[in-house]
Amino acid sequence: MNPPKPESLRGLPPAPAPVAVPGTSLHSDEIEVGGVRLRVEYRRHARALRYRLTLQRDGVARCTVPRRGSLTEARRFVAGCHGWLAARLRTEATRPARTREWRLGTPVWLRGQQFPLLRSPTEPLLLLGTDRFPEPPGNVADFRPHLEPGLRRLAAVELPPRVRELADAHGYSVRRVSIRNQRSRWGSCSAGKVISLNWRLIQTPVSVRDYIILHELAHTRQLNHSGRFWAEVARICPVYAEAEHWLKTRGEELL
């Protein structure tokens, strides 16, 4: 979910001094939101077209800075999103703790259904519904690190052909499809018509999976989120609002 557009900074205290951080980050700040000290990382993204703010699972806020953006404007954007951040922090504070481990019997999403993770009684396989995955050797309690690569391979088999199928059905052209391990987005489309999809789409309902694919296909003609873009999405995916609702209410269970 994208936070609201920032308001004027008039009357707000000056931004803290920047702290250099390694990697792709520009800087990081410490800010106070609703009495909570919060770290904000500013990261430039070459393909980003606008500023974007997300709250990571570890409690760090991340501001994506577009290619031609500046740290000054990024700070203005974050300052205008304090209300949104405060609401997110309140939500996270009341959210029950979720286990990140996949043990035998744990419900795991696959194609929009939750299946208990089972062990085959006759073969060294793990079962999710009718899908089978190799069981790791040894005494394993948490199967998630071993099962996620299998789900990603399954996504690499099923998702690219679906992209081609939907592209052909709606008259789009795609140069390449890649399956990635994004942590904060479901898909992306480059100016060169390369579509990247989050492997976790294999876990979502088919209608949600198709919506994300169609969303990215629409970006091959409108590389923005303008009114014309959303009109294109509505034309090719009339139920997109329902898919967006599922992602907003259930998507965090997968990421």
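The values are calculated or read from the model by the stated rules, or taken from the named source; none is laboratory data. These figures come from a predicted structure and were not determined experimentally. Cβ sites come from the backbone with ideal geometry, for glycine too, and all protein chains shown count toward neighbours.
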Report yes if some residue within the stretch 125-140 is in contact (Cβ under 8 Å) with a residue 24 or more places away in the chain, of a type outside the set (A, V, I, L, M) and surrounded by fewer than 16 Cβ atoms within 10 Å (Cβ to Cβ); otherwise report no. no
Out of all the residues in the stretch 65-87, is one or more surrounded by fewer than 18 Cβ atoms within 10 Å (Cβ to Cβ) and touching a Gly at 6+ places or on another chain (Cβ under 8 Å)? yes
Expected single match for outside the structural domain of Leu154 (by TED's automatic domain parsing), buried (at least 17 other Cβ atoms within 10 Å of the Cβ) and out of contact with any His (no Cβ under 9 Å at 6 or more places or on another chain) among Arg52, Arg62 is Arg62
Filter pass, Ile179 being of a type in the set (A, V, I, L, M) and either touching a His at 6+ places or on another chain (Cβ under 8 Å) or touching a residue at least 40 places away in the same chain (Cβ under 8 Å) (or both): no
Count of residues meeting criterion [out of contact with any Leu (no Cβ under 9 Å at 6 or more places or on another chain), surrounded by 14 or more Cβ atoms within 10 Å (Cβ to Cβ), at pLDDT below 75 and in a strand (DSSP E or B)] in the stretch 6-49: 1
Can you tell me which residue in the stretch 181-202 is surrounded by the most Cβ atoms within 10 Å (Cβ to Cβ), limited to those that are on the phi < 0 side of the Ramachandran plot and charged (D, E, K, R)? Arg200
Within the stretch 203-241, which residues are exposed (fewer than 14 other Cβ atoms within 10 Å of the Cβ) and assigned to a helix (DSSP H, G or I)? Val206, Gly227, Arg228, Ala231, Ala234, Arg235, Ala241
Identify, by number, the condition in (1) touching a Ser or Thr at 6+ places or on another chain (Cβ under 8 Å); (2) not in a strand (DSSP E or B) that Leu197 doesn't meet. (2)
Please tell me if Ser184 is at pLDDT below 95, part of a loop (DSSP other than H, G, I, E, B) and touching a Ser or Thr at 6+ places or on another chain (Cβ under 6 Å). yes
Inspect all residues belonging to the stretch 135-145 and state whether any of them is on the phi < 0 side of the Ramachandran plot, among the charged types (D, E, K, R) and in contact with a Pro (Cβ under 7 Å, 6 or more places away or on another chain). yes
Before we move on, is Thr220 touching a Gly at 6+ places or on another chain (Cβ under 7 Å) and at pLDDT 95 or above? no
